[in-house]
1. Rounded to the nearest 500, what is the 222 nm mean residue ellipticity of the chain from helices alone, with -39500 (n - 2.57) per DSSP H run of 4+ residues and division by all residues?
2. Using +1 at the C-beta of Lys and Arg and -1 at the C-beta of Asp and Glu, which of VAL39, GLY60, ALA10 has the Cα lying farthest in the positive direction of the dipole of region 1-73?
3. Shape verdict for the chain, please, from the Cα gyration tensor: rounded (a/c under 1.5), prolate (a/b greater than b/c) or oblate.
4. Would you work out which of VAL101, GLN88, LEU72 lies farthest towards the positive end of the dipole of region 59-129? Charges go on Cβ: Lys and Arg +1, Asp and Glu -1.
5. Take every Cα pair under 8 Å in the chain that's 6+ residues apart, average their separations, divide by the length, and report that relative contact order as a whole percent.
6. Determine the dipole magnitude for region 1-120: charges of +1 sit on the beta-carbon of Lys and Arg, -1 on that of Asp and Glu, nothing else is charged, the reference point is the Cα centre, and the result goes in debye to the nearest 20.
7. Provide the solvent-accessible area of GLU85, counting protein heavy atoms only and rolling a 1.4 Å probe, rounded to the nearest 10 Å².
8. Using the charge dipole of region 102-161 (Lys, Arg: +1 at Cβ; Asp, Glu: -1 at Cβ; taken about the Cα centre), state which of ALA133, THR123, CYS159 has its Cα farthest towards the positive end.
Amino acid sequence: ATVRATLRVASGSPIEQIQKAAQALEPDLDRSESFVTLVQAQLDPAGRHLTYVDAGHGNGFFLTSDGALTPLVSGGIPLCGFQVEGYQASHFTFAPGDAFVLYSDGVPDARPDLDLTPPALATYLQGMDSAAAMVERLVSLTATDQPPVDDVTVLVLRCLT
């Protein structure tokens with residue numbers, strides 16, 4: 001919640017927002033010897049353009065309407081008590097039917113018996129006609145009889161037209 005609030009008040013491009021958040025959170029992260037992975041993105045809906053920074057998260061990909069998969073471009077280490085610089089922005093322009101898929105590490109961790117790598121996840125998403133259907137499909141892959149070992153979070157942005 002603290003990281004999200006910090007990012008909400010940080011202005012500028014995604015890379016500037018990450019750098020500002022890293023600087024503001026540095027004392028807390030250093031003191032607690034912890035870190036935060038995240039993807040900060042900015043969408044230009046009119047231009048169908050997404051600019052993003054991957055700060056150590058890595059769990060995501062772009063899926064084009066013809067099934068081509070492009071992994072996230074890693075742009076730096078997680079936010080932590082000693083790194084403020086070194087993040088890089090990456091870009092993607094959507095065409096109709098393209099999707100941006102992000103998920104927590106709880107998705108592959110939930111079912112170690114399944115191949116839940118990005119190429120396999122992309123295969124599971126073939127033929128889905130909405131972002132909601134894609135989210136439901138990925139979440140359903142994590143279902144087991146046991147309580148989850150980690151959070152299962154999925155976000156999908158899909159270009160319709």
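The values are calculated or read from the model by the stated rules, or taken from the named source; none is laboratory data. Predicted, not measured: the structure shown is a model, and the values here were computed from it. No Cβ is skipped: glycine too gets one built from the backbone with ideal geometry, and neighbour counts run over all protein chains shown. Areas reflect the complete protein model, heavy atoms only, side chains present, ligands, DNA and RNA absent. Shrake-Rupley method; radii C 1.70, N 1.55, O 1.52, S 1.80 Å.
1. Calculated at 222 nm, the ellipticity per residue is -9000 deg cm²/dmol.
2. Positive-most Cα among the choices belongs to ALA10.
3. Working: a/c = 2.27, a/b = 1.29, b/c = 1.75.
Oblate, since a/c reaches 1.5 and b/c is not below a/b.
4. GLN88
5. 21
6. On the way: 6 positive and 14 negative charges, 71 e Å.
Rounded to the nearest 20 debye, it is 340 debye.
7. Accessible area, nearest 10 Å²: 120 Å².
8. Result: CYS159, furthest along the dipole toward the positive end.
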